[in-house]
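Nothing in this text is a laboratory measurement; each read-out follows from the coordinates by a stated rule. Remember, it's a predicted structure, so these values are computed and weren't measured experimentally. Don't worry about glycine lacking a Cβ; one is built from the backbone with ideal geometry, like all the others, and counts go over all protein chains shown.
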Amino acid sequence: SLVRHYKFSVVLKNTTRLCATKPIVTVNGKFPGPTLLAREDDNVIVRVVNHVQYNVTIHWHGVRQLRTGWADGPAYITQCPIQPGQSYIYNFTITGQRGTLLWHAHISWLRTTVHGAIVILPKLGVPYPFPKPDKEKTIVLGEITGEWWKADTEAVVNQAMQTGLAPNISDSHTINGHPGPFPNCSSQGEPRIVDFDTSFDLLLPSTGYTLHVETGKTYLLRIINAAVNEELFFKIAGHNVTIVEVDATYTKPFKTDIVFVAPGQTTNALLTADQSTGKYLIAISPFMDTVVAVDNMTATGTLRYKTTEAFSPTVLTTIPPQNATPVTNAFIDSLRSLNSIQFPTKVPLKIDHSLFFTVGLGINPCATCVNGSRAVGDINNVTFVMPTTALLQAHYYNISGIFTDDFPGNPPIPFNYTGNPPSNLKTMNGTKVYRLAFNSTVQVVVQGTAFLAPESHPVHLHGFNFFAIGKGVGNFDPVNDPEKFNLVDPVERNTIGVPTGGWTAIRFKADNPGVWFLHCHLEVHTTWGLKMAFLVDNGKGPNESILPPPNDLPIC
Ligand code: C2O
């Protein structure tokens, strides 16, 4: 194994998108940022230098960080922010993982522009458990919202906090940083983005990202959803793909004409260039199973065969409607872990902690807010309040008064989670963690409450992969639903969509000491408090406790 050194300079960079130029926060001047490439077992050392006027942290989303919680990155959870002019070295080893992940800023909404791919190759000499692709391509999906494009990200966050309203829709999604389609800026000034609400289900050719292919070759597409607030469909006209991996875990291969990927999730898909020539539309579009606060903006690119004549027309495609829940379900239900001899699936069968988390939105009074109240996010009726010093530091140094370890393992009162909202939508504020014994096994049934805006919540857990053993619509039934759990080959991942007015059950083993964030990966919900943390105690063995903090760990 190798030691891989990277330098991430966080700098402002004048960037032109949608016919406007403005300085955006980037890593090394790039949007999306640089790809971090490593092999399984490599030691990765990234020196992050903050040259902007904002506080910064970087999170290596999905990297297990065994015993190295100090390198995980969420601000005020595992570290204090890197202040302007300061630097911090993230030092971690990639253990037992290979595939595609992503890195992103983990403070405020900086990840809108500060994100990039993590590509982890198998150990030298170890083949993929699928036919070797001729080439690999990384495809980072993002969004550029009017808010941050025309104003500052900070202003958008403040607006979302003050009004308790979701921010306005994005101006466009992006494929590897390219929006589209939009016409020549000089001809019209204002970009025209495809809006497919009712009349538009056939998309226009694109001026954006081009994927160049050769007939007969196979490509491994590493698809990453780095968008801030949108679950996305991804489709290529005239081509199927074979899914082989999600969230850096291998899956049983399955063929599909559409990929569904939530923010924070990654999907590896094999594409065979089985046409002889031509241009084919690549389209991404948002999914939201209730059509409130629709964001119907999309982005397109082009798959182009080498032999294509310059003026040959693009083969177009249709995309599912925004609320195509059956399409997302079909995709999710097809995902199974590989469960081979080499990559066995080891679902914990005996459960030490059986937890039930309701995730959703509530309304709290707010003296400084426009309407005297605002929307909040909560888990088990607790709206998480960010501490002023990092939880991991408080835990490691035994600093009292920063958090309490009384996060409830069940919601406070039994109620009908998916029916009519209760008259009282008020939540309780707190910086609460749930304590897990080292190496204990955990099951969490995550129930979407569907109060206020019914919305699916992509829930992300730091520090672990979990098995997604079941899901359903409506209220979880503790008697009958567990009988249907898949304990044989459930997909293993780090981010899972909790369906609107439905539930998802996950299991994991708490084999990583430290403090680990769990939150909705829709940034607006995280900001509103839909988050909590697990505190996993040290083990007793010499290799089971968290390593001491690095010397340059930022202080608050
Ligand atoms: Cu991808 Cu806590 O984040």
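Taking 7 Å steps out from each Cα toward its Cβ at Met428 and Lys484 produces label points 3.2 nm apart. Among Cys520, Cys556, Cys366, sorting on how many other beta-carbon atoms sit within 10 Å of each Cβ, with the fewest leading, yields Cys556, Cys366, Cys520.
Peptides 491-501, 382-392 ordered by packing proxy, namely the average of other Cβ atoms within 10 Å per residue, highest first: 491-501, 382-392. Ranking of Thr16, Thr57, Thr441 by neighbouring Cβ atoms within 10 Å, starting from the fewest: Thr16, Thr441, Thr57. When shorter helices are ignored and each DSSP H run of at least 4 residues is given -39500 (n - 2.57), the per-residue value for the chain at 222 nm works out to -2000 deg cm²/dmol. Legend: ranking of residues Tyr397, Tyr6 from fewest to most surrounding C-beta atoms inside 10 Å; resulting order Tyr397, Tyr6.
Extension gain for Asp477-Ile89 works out to 135.0 nm (0.36 nm per residue, less the C-alpha to C-alpha distance). Taking a sphere under 13 Å around the Cβ of Asp333 and counting the other residues whose Cβ falls inside, with K and R at +1 and D and E at -1, yields a net charge of +3.
As a length-normalised measure over Cα pairs under 8 Å and 6 or more apart, the relative contact order of the chain settles at 15 percent. On full extension, the segment bounded by Asp257 and Ser400 gains 46.2 nm, given 0.36 nm per residue less the C-alpha separation. Computed from the Cβ-Cβ distance with R0 of 41 Å, the FRET efficiency linking Met386 to Val3 stands at 0.75.
For Thr16 and Asn43, a Förster radius of 41 Å and the Cβ-Cβ distance give a FRET efficiency of 0.65, rounded to the nearest 0.05. Taking a point 7 Å out from the Cα of Phe343 in the direction of its Cβ, the residues of the stretch 58-99 whose backbone N falls within less than 20 Å of it are 61-66, 94-99.
Descending by average beta-carbon neighbour count within 10 Å, the peptides 94-100, 404-410, 333-339 line up as 94-100, 333-339, 404-410, the highest first.
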